[in-house]
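Structure first, commentary second.
Quick note: the coordinates plus some simple rules give every number you see, no bench work behind them. Predicted model, so just to flag it, every value in this text is computed and none were measured. Here the Cβ positions follow ideal geometry from the backbone for every residue, glycine too, while neighbour counts run over all protein chains shown.
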Amino acid sequence: MNPDDLPQAPLQPLNLPWLHQARIQVAILRLDLIDPLISGNKWFKLRHHLQHARQSGASGLISLGGNHSNHLHALAAAGKRFGFATAGLLRGHAQDTPTVRDLQAMGMELHWLGYGGYRERHAPGFWTLWQARYPGWHCIPEGGGGLAGAEGCALIVDQARAQLATLGWPDYHAWWLAAGTGTTLAGLVLAESGRHAVHGALAVPASHGVAQTVEALAGSSGYQLHEACRGGFARLDDDLQAFIADSERHSGVPFEALYTGKALLALREQVEAGLFAAGTRLIFVHTGGLQGRRGYL
Ligand SMILES: *Cc1c(COP(=O)(O)O)cnc(C)c1O
């Protein structure tokens, strides 16, 4: 297996009572099932970075994230799988989480930057130091963002389209997915170029600049952003937890609380508010992230 290969994510009907009641059909694209380790949207976001790294002969990959980061987890796994050394720059002070233990076990070299040091990540010259320390390594922006990340995510659209017939769907009306940086959403918008609307559920507060990121990557039309963060990223309240437990029981699909659970709850709010007409067919992207559940369960 090499970074050019893309495992196929299954597209499945998502059965939930509130969708049934509103006569909205939803198919869920299970990116969480593409690989046991390089899970969810992260494989797509990393794909072009891995290809660039291979073409430039880089011996290693370096990126940033928090101590439950799905991105660093996928990066460490991809490095191990495809023969790159990896280094992770982490927010805050050294902590022992299930994710951090996996990163170490997969051979990623960890550097804890503190909070102030992590805030410097956008400063000019930030990468110079790390490039001097790891000469020739490929540097990947936080969360695997940027155009390289978005272009990889454009492939998600083909994966769903190729399976519409298996559901008996002639077409679909729109996409629904969680947005963290907005890179994945931007990839879908680029691939659709206006053919189908893309709805992003914001897992982070508006101050994180998702709207600006998406606009810079994909322009200002073809998508809609919905508030879904419930007071902060990684904020976990009882209603959200109960909703996730309920949804899992009804659908048989596992969700986590940082992205996919919030995105599904925001969808229910919008369906109940009448955003979609009866008969609408939506594709919900399951962006993965299930490894992170160990950190808060
Ligand atoms: C990283 C992540 C996202 C956010 O993706 P962006 O491209 O940053 O918007 C969404 N869902 C899950 C499960 C993730 O791990």
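With all distinct Cα pairs included, what does the Kirkwood hydrodynamic radius of the stretch 113-248 come out to in Å, to one decimal, could you say?
17.2
Work through the residues other than residue 88 whose Cβ is under 14 Å from its Cβ and net out their charges, Lys, Arg +1 and Asp, Glu -1. Please list the in-between numbers first.
Working: positive: 42, 80, 91, 101, 121, 133; negative: 102, 109, 142.
Around residue 88, the surrounding residues sum to +3.
Put a dot 7 Å past each Cα toward the Cβ at residue 242 and residue 173; how far apart are the dots in nm?
Reported label-point gap for residue 173 and residue 242 is 2.9 nm.
Using Cα pairs closer than 8 Å and at least 6 residues apart in sequence, work out the relative contact order for the chain, in percent.
24
How charged is the neighbourhood of residue 205? Take every other residue with its Cβ under 13 Å from the Cβ of residue 205, and add Lys/Arg as +1 and Asp/Glu as -1.
Details: positive: 230, 235, 262; negative: 227.
Residues close to residue 205 contribute a combined charge of +2.
Taking a cut-off of 25 Å between Cα atoms, list the lysines near residue 80, but don't count ones fewer than 8 places away on the same chain.
Here the lysines satisfying the reach criterion relative to residue 80 are 42, 45.
Have a look at the DSSP beta bridges in the stretch 4-100 and tell me what percent are antiparallel, nearest 5. Walk me through the numbers on the way to the answer.
Details: 3 of 9 bridges.
DSSP beta bridges in the stretch 4-100 are roughly 35 percent antiparallel.
Suppose only helical runs count, i.e. DSSP H with n ≥ 4. What mean residue ellipticity at 222 nm does that imply for the chain under -39500 (n - 2.57) per run, divided by all residues and rounded to the nearest 500 deg cm²/dmol? Numbers along the way, then the final one.
On the way: 12 runs with 117 residues, N = 297.
My calculation for the chain gives -11500 deg cm²/dmol from helical runs alone.
Cα centroid distance between the stretch 272-294 and the stretch 1-52, in Å?
12
Given the stretch 181-227, report the % of alpha carbon pairs whose separation exceeds 17 Å.
Of all Cα-Cα distances in the stretch 181-227, 21 percent exceed 17 Å.
How fast does the stretch 1-131 diffuse by Stokes-Einstein, in µm²/s, taking the Kirkwood radius from C-alpha pairs at 25 °C and 0.890 mPa s?
Details: Rh = 16.5 Å.
Rounded to a whole number, D works out at 148 µm²/s.
If you take every DSSP beta bridge whose two residues both sit in the chain, what share of them, in percent to the nearest 5, is antiparallel? Don't skip to the end; give the middle numbers.
Details: 4 of 36 bridges.
About 10 percent, rounded to the nearest 5.
What number, in nm² with one decimal, is the all-direction average of the projected area of the convex hull of the alpha-carbon atoms of the chain? The partial results should precede the final answer.
On the way: hull surface 59.4 nm².
About 14.8 nm², averaged over all directions.
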